[in-house]
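Please read the structure below before turning to the comments.
The values are calculated or read from the model by the stated rules, or taken from the named source; none is laboratory data. Computed from a predicted structure; not experimentally measured. Note that we place each Cβ from the backbone using ideal geometry, even for glycine, and neighbour counts take in every protein chain shown.
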Amino acid sequence: MRSIWALAIKDLRMMSRDRMGLFFTLAFPIIYAVLFGSIMSGATGGGGGARVTIAAADLDGTEPSKELLAALEGAKGLSLIRAADADEARALVRTRKAAGALIVPAGYGEAAGRPFWGEPARLELALDPSRQAEGGMVQGIITEQAFKRFQTLFSEPGAMRKVARDALASLDTAPADDQARLAPLRAFLGALDGLFTSDVTSDDPANPGGTARFEPVRIDVREIEAKQRTGPRSAFEISFPQAVAWAMMSASFGFALSLVSERMRGTLTRLELAPMPRRNVLLGKALACLIVNLVVVSLVLAVGVLFLGVRPTSLPLLGAAIVSGAIGFVGVMLLISVCGRTQASVSGIGWGVMLVLAMMGGAMVPAVFMPGWMRSAGAISPIRWAIEAMEGAFWRGYSPAQMLTPCLVLVGIGVGGTLLGIRVFRFDAGKA
């Protein structure tokens, strides 16, 4: 163990002398977090051609609600997960299995059957605030499908006649004082003509004296709740998990290159003569990489907490996310360091692999722009799991049980990468 610590201290001293390396290891992740957070704070959402997954809970169980969910299942650009209740639907959003949760409340079918009178049919849409690009797309698709039913009514005389007659019958039960005010609406329902130009006074208490409008469906949009608060406090709480992943990736990659550099300079050849197991050379570098990862992440988080208002919801879970993420990237570093004979080959292979993993893991490209197979394949990326663990500790309100999966995956990647790296490691460049 003493030799491992000595080798780790040697690597830390060498790193402290490389000013450019220190800049990209310490400063670049902070710059990334600030820039990306600023961009996200002004994001207004977008489209994209990929399918977006949402969870849906039908609390109404009537024919109109079933028709709506069936239409959404067949809608282009949308993938639907059926949930047993509202809590299950929201949980799917918190665990990143869905971009939003559509809740069809009780009474939807009754309200949908009287589109010209009374309160409109309501839907609740809870969105993941970290996936703003998908939010507008989801709202548009749901609105389109919800209004299609009323387009169908206008194209089917029999169905339209029944709705109109039911609405006229409901008007008959209105108070006598309201009959004069509702006369234009009664005239429209009788003739089914001039609906959108009729000047009917609204009875909405929030809009006294206003003009009534045709609103058969109203979608109440809100951000999904995480424990006792709603979503992240700012865009920086969304960007900092990505910044932490970039910080660990940058620090780890520097150590991968340093191992190749020592091999080319003959340092590893001299270490081969030392009275210690071969694996201690890699374990010493792994320990140094782990220490630097923890220091760099702590620095990045300190900047976020002190200057940008970033606040974790759970310090113990944040610690677990940081440690497991650092272990995972150590394993990735060791694998990269033994995959080439020269700095050029390791640099090319390493950055190529890491950039692909970053894109697949959500650190560069929003999930809305990815095809379904790529989002599924992102499960192999340690960056994806590191971001999920950090988000769970920052604002998603993960429980220890929910945090267990990403942390165990990261630790598994770290241990597996370390063992495989030790197995194929060679001191001599010609044998690597």
_Residue check for I54: in contact with a helix residue (DSSP H, G or I) (Cβ under 8 Å, 6 or more places away or on another chain), assigned to a helix (DSSP H, G or I), among the aliphatic types (A, V, I, L, M) and modelled with pLDDT of 75 or more_ = no
_Near pairs, Cβ below 9 angstrom, 6+ apart or cross-chain, from the stretch 401-427 (in contact (Cβ under 8 Å) with a residue 24 or more places away in the chain) to any residue that is surrounded by fewer than 17 Cβ atoms within 10 Å (Cβ to Cβ) and in a helix (DSSP H, G or I)_ = V409/A379; I422/R279; F425/R279; F427/T269; F427/E272
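Just wondering, is there one or more residues in the stretch 102-110 that are under 23 Å from the mean Cα position of the chain (by Cα), crowded, with 22+ Cβ neighbours inside 10 Å and farther than 24 Å from M403 by Cβ? If you could, list the steps in order and put the result at the bottom.
Within the stretch 102-110, the subset under 23 Å from the mean Cα position of the chain (by Cα) is 102-103.
Next cut, crowded, with 22+ Cβ neighbours inside 10 Å only: 102-103.
Now narrow it down to the ones that are farther than 24 Å from M403 by Cβ: 102-103.
Yes.
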*asked:* Criterion first (at pLDDT 75 or above, out of contact with any Lys or Arg (no Cβ under 6 Å at 6 or more places or on another chain) and either aromatic (F, W, Y) or in a loop (DSSP other than H, G, I, E, B) (or both)) does K66 satisfy it?
replied: no
*Under 9 Å by Cβ, and 6 or more places apart or on different chains, what pairs join a residue from the stretch 307-335 that is on the phi > 0 side of the Ramachandran plot with one that is hydrophobic (A, V, I, L, M, F, W, C) and assigned to a helix (DSSP H, G or I)?*
G309/F236
*Is it the case that some residue within the stretch 133-142 is within 20 Å of V93 (Cα to Cα), assigned to a loop (DSSP other than H, G, I, E, B) and modelled with pLDDT under 75?*
no
*Just give me the residues in the stretch 99-125 being at pLDDT below 85 and either among the aliphatic types (A, V, I, L, M) or in a loop (DSSP other than H, G, I, E, B) (or both), in sequence order.*
A99, A111, A112, G113, R114, P115, F116, W117, G118, E119, P120, A121
